[in-house]
Amino acid sequence: MKLFSAFIAGLLFGIGLIIANMVDPHKVLSFLDITGKWDASLALVMAAGLTIFSSGYFLLVKARKKPLLGERFFIPERQIIDNKLLVGAIFFGLGWGLSGICPGPALANVLTGDIKIFVFIAFMLMGMYCARLLIKLTQNKVAVAQIVE
Amino acid sequence: MANFTPFEALLGGSILGLSALLFLLINGRIAGISSIVSGSFKSLANKPQWRWSFIVGIILAPLVTQPIGYYLPKHIDLSWPVVIIGGFLVGFGSYLGSGCTSGHGICGIGRLSPRSIIATIIFMLVAIITVFIVKHLG
């Protein structure tokens, strides 16, 4: 049942991306091109998405102790704004600004069958793996430094 | 304004918001695509099956939208270096920064999370500057 609702949520997510045409990298890039022929559509995508999610979150989710299926809510509780977050956002912005593709649209484009989307996803996974290694490496260094001290 | 499509944008955005809301309300999970993708490769002890269901849902979405007249682009009209470097940076940055457009941009800002608000402002600004440099100075 949980797997089915996850499937339906994913399906809806993909449908939203396709109807909003966020699956077209050039639609996204023309939204980011504010000094050129700016296309504001994506601002409306975000505004609509935020309105629905946010009102539902504060009215429905917050009133509950646990989700309809499952034992608890998995909501990130970290509040600290650290270098990882800032540097990560910079790199993500670079990649998104270059390609016009973020992870959701990358997946939604799989059925284009275009080899380029598969290569994009492969390099995206590689990037995630490298970031994971980097985090582990720096954590080890911190741990070693603490032991030395 | 070129190619402004307000109706599709509002409809698509509402469906995205509804998807993220239902997923949190029913499964208790955040619809952050980068985390779902990276988490789906972790060990089976981590029970990643729901992540795979979500991913299969996104991939099959065109089969639903085709009959109502919304299609994927015919092909991905980007150069190879952009595909390769862009893909790597999107993966690297979203993992390091714990989120992407969906996790930070919709679910995070929607919860008024300070981390997500800061992250979204930064990646939006950097993306806008990147497009400016590539399109107008390149």
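Each value in this text was obtained by applying a stated rule to the coordinates, not by laboratory testing. Remember, it's a predicted structure, so these values are computed and weren't measured experimentally. Here the Cβ is made from the backbone with ideal geometry for all residues, glycine too, and neighbour counts use every protein chain on show.
Side notes on the structure shown:
- Any hit, region B:2-16, residues being touching a residue at least 40 places away in the same chain (Cβ under 8 Å), crowded, with 20+ Cβ neighbours inside 10 Å and not acidic (Asp, Glu): yes
- Checking each residue in region B:74-131 for being of a type in the set (Lys, Arg) and closer than 17 Å to residue A:46 by Cβ picks out only B:111.
- All told, residue A:123 falls short of being free of Cβ contacts under 8 Å to residues at least 60 places away in the same chain and in contact with a Pro (Cβ under 7 Å, 6 or more places away or on another chain).
- Residues of region B:111-128 classified as within 7 Å of chain A (Cβ to nearest Cβ) and crowded, with 24+ Cβ neighbours inside 10 Å, total: 3
- Qualifying residue in region A:71-80 (condition: more than 28 Å from residue B:121 (Cβ to Cβ) and either within 7 Å of chain B (Cβ to nearest Cβ) or part of a helix (DSSP H, G or I) (or both)): yes
- Of all the listed residues (A:108, A:89), the sole one being under 20 Å from residue A:11 (Cβ atoms), among the small types (Gly, Ala, Ser) and within 7 Å of another protein chain (Cβ to nearest Cβ) is A:108.
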